[in-house]
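J.: Got a structure here, written out as structure tokens. Questions coming.
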Amino acid sequence: VKGDDPKLSPAAGRRLSQYLRVLRGDRGAGTVSSESLAKSVGVSAAQVRRDLASLGHLGQRGVGYDVTLLADAIRHTLGIHREWRAVLIGVGNLARALLRYRGFAEQGFHIVGLFDADPAKIGTSLERLSIEPMENLVKRVQDLQAELAILTIPSDAAAAIAETLATAGIRGILNFAPTLIRTPATTTIPIVSVDLAIQIEQLAFQVQARSGARVVE
Ligand code: ATP
């Protein structure tokens, strides 16, 4: 199975992640139907069949999909059948929480290096990793064989550091800085931004929309 199917859109990729999450909960079951996956994820059964058809001939009419085979095929397509090494830049409060989050390692994502600009933090250890100075970053990305970077720094520094990471050979960035970090070098690599403030704003918006209340200030 090819890991970088150019036909698969980011939205389809997100749905595959959601199907996989459902399959993990279904490990006891031998097969799963497109209808049941559709119901769990909140899309149509036709959508599920279209998404999964792009992975090969995995379903059998009237029987459904073999849970184990389907989960393996999705893992290959998403590129998570293998281990990934990531460096983490900016070891503040959010980074400390992420370092303790077991969900990353469980899915094969390993944080292998920590970097910060604050001299008071350099040389101190967290989860058995010593925080290193930013000057070491470019060289260490190669030593550590890191392909991904997690950015948990304030917005002002994010774009410049993303640029450095991209030129250092980092192949993808998970950006927690509440800013867009498009720079010449980063346009060549994927960036996924997690803006927690925007997410909670969306939640407030949906709750408010459901209540039907028009807020007029
Ligand atoms: P703390 O109180 O431990 O510093 P914080 O979460 O309040 O944590 P932030 O201001 O959000 O800190 O910064 C996150 C981390 O990013 C900090 O450890 C900070 O030293 C680091 N940092 C800030 N600017 C840079 C930079 N230009 N390069 C690398 N690291 C940076």
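J.: I want to confirm something. Restricting to segment 19-38 and keeping residues that are modelled with pLDDT of 90 or more and loosely packed, with under 14 Cβ neighbours inside 10 Å, which single residue is farthest from Pro190 (Cα to Cα)?
T.: Filtering segment 19-38 for residues modelled with pLDDT of 90 or more gives 19-23, 31-38.
Add one more test, that the residue is loosely packed, with under 14 Cβ neighbours inside 10 Å, and what stays is 21, 35.
Working: Arg21: 23, Glu35: 32 Å.
Only one residue fits best here, namely Glu35.
J.: Looking at Asp118, Asp143, can you tell me which residue is acidic (Asp, Glu), within 17 Å of Gly169 (Cβ to Cβ) and either open to solvent by 20 Å² or more (accessible area, probe 1.4 Å) or within 16 Å of the ligand (Cβ to nearest atom) (or both)?
T.: Numbers: Asp118 fails: within 17 Å of Gly169 (Cβ to Cβ).
Criteria check complete, one pass: Asp143.
J.: Restricting the first residue to segment 103-119 and requiring it to be under 13 Å from Trp84 (Cα atoms), which pairs with a second residue that is within 15 Å of the ligand (Cβ to nearest atom) and of a type in the set (Lys, Arg) meet a Cβ separation below 8 Å and a spacing of at least six or different chains?
T.: Pairs that qualify, where the first residue is under 13 Å from Trp84 (Cα atoms) and the partner is within 15 Å of the ligand (Cβ to nearest atom) and of a type in the set (Lys, Arg), are Gly113/Arg140.
J.: For segment 73-115, give me the residue count where each residue is more than 16 Å from the ligand (Cβ to nearest atom) and not in a strand (DSSP E or B). Steps first, answer last, please.
T.: Applying the first criterion (more than 16 Å from the ligand (Cβ to nearest atom)) to segment 73-115 yields 73-85, 102-110, 112.
This time we only want the ones that are not in a strand (DSSP E or B), so: 73-83, 102-108.
Number of matching residues: 18.
J.: Would you mind stating whether Gly123 is more than 10 Å from the ligand (Cβ to nearest atom), out of contact with any Lys or Arg (no Cβ under 6 Å at 6 or more places or on another chain), on the phi > 0 side of the Ramachandran plot and not aromatic (Phe, Trp, Tyr)?
T.: Against the criterion (more than 10 Å from the ligand (Cβ to nearest atom), out of contact with any Lys or Arg (no Cβ under 6 Å at 6 or more places or on another chain), on the phi > 0 side of the Ramachandran plot and not aromatic (Phe, Trp, Tyr)), Gly123 qualifies.
Every residue, every condition in (1) under 21 Å from Asp118 (Cβ atoms); (2) in contact with an Asp or Glu (Cβ under 8 Å, 6 or more places away or on another chain); (3) of a type in the set (Gly, Ala, Ser); (4) without any contact (Cβ under 8 Å) to a residue 40 or more places away in the chain, yes or no:
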{"residue": "Leu129", "(1), (2), (3), (4)": "yes, no, no, yes"}
{"residue": "Arg140", "(1), (2), (3), (4)": "yes, yes, no, no"}
{"residue": "Thr152", "(1), (2), (3), (4)": "yes, no, no, no"}
{"residue": "Ser155", "(1), (2), (3), (4)": "yes, no, yes, yes"}
{"residue": "Ala162", "(1), (2), (3), (4)": "yes, no, yes, yes"}
{"residue": "Arg171", "(1), (2), (3), (4)": "no, yes, no, yes"}
{"residue": "Ile200", "(1), (2), (3), (4)": "no, no, no, yes"}
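J.: Still on this structure: Please verify whether segment 32-39 includes one or more residues that are of a type in the set (Ser, Thr, Tyr) and closer than 28 Å to Ile150 by Cβ.
T.: no
J.: Okay, next question. Going by the structure shown, is Thr187 away from the ligand (no atom under 16 Å from the Cβ) and either among the hydroxyl-bearing types (Ser, Thr, Tyr) or open to solvent by less than 80 Å² (accessible area, probe 1.4 Å) (or both)? Show your work before the answer.
T.: On the way: away from the ligand (no atom under 16 Å from the Cβ): yes; either among the hydroxyl-bearing types (Ser, Thr, Tyr) or open to solvent by less than 80 Å² (accessible area, probe 1.4 Å) (or both): yes.
Taking the combined requirement at face value, the residue satisfies it.
J.: What pairs come out if I take residues in segment 21-40 that are among the small types (Gly, Ala, Ser) and pair them with residues that are assigned to a helix (DSSP H, G or I) whose C-beta lies under 6 Å away, six or more apart or interchain?
T.: Ala29/Val67; Ser34/Ala45; Ser34/Val48; Ser34/Arg49; Ala38/Ala45; Ala38/Val48; Ser40/Val22
J.: How many residues, within segment 146-169, are in contact with a Leu (Cβ under 8 Å, 6 or more places away or on another chain), more than 10 Å from the ligand (Cβ to nearest atom) and not in a helix (DSSP H, G or I)?
T.: Residues in segment 146-169 being in contact with a Leu (Cβ under 8 Å, 6 or more places away or on another chain), more than 10 Å from the ligand (Cβ to nearest atom) and not in a helix (DSSP H, G or I): 4 in total.
J.: A further question follows. Can you confirm whether segment 47-56 contains a residue that is within 13 Å of the ligand (Cβ to nearest atom), over 24 Å from Thr164 (Cα atoms) and under 22 Å from the mean Cα position of the chain (by Cα)? Steps first, answer last, please.
T.: Here is the first cut: in segment 47-56, the residues within 13 Å of the ligand (Cβ to nearest atom) are none.
Within segment 47-56, none of the residues are within 13 Å of the ligand (Cβ to nearest atom), over 24 Å from Thr164 (Cα atoms) and under 22 Å from the mean Cα position of the chain (by Cα).
The values are calculated or read from the model by the stated rules, or taken from the named source; none is laboratory data. Every value quoted in this text rests on a predicted model; they were computed, and no experiment measured them. Note: ideal-geometry Cβ built from the backbone for every residue, glycine included; neighbour counts use all protein chains shown. To get the accessible areas, we keep the full protein, side chains included, count just its heavy atoms, and leave off ligands, DNA and RNA. Shrake-Rupley method; radii C 1.70, N 1.55, O 1.52, S 1.80 Å.
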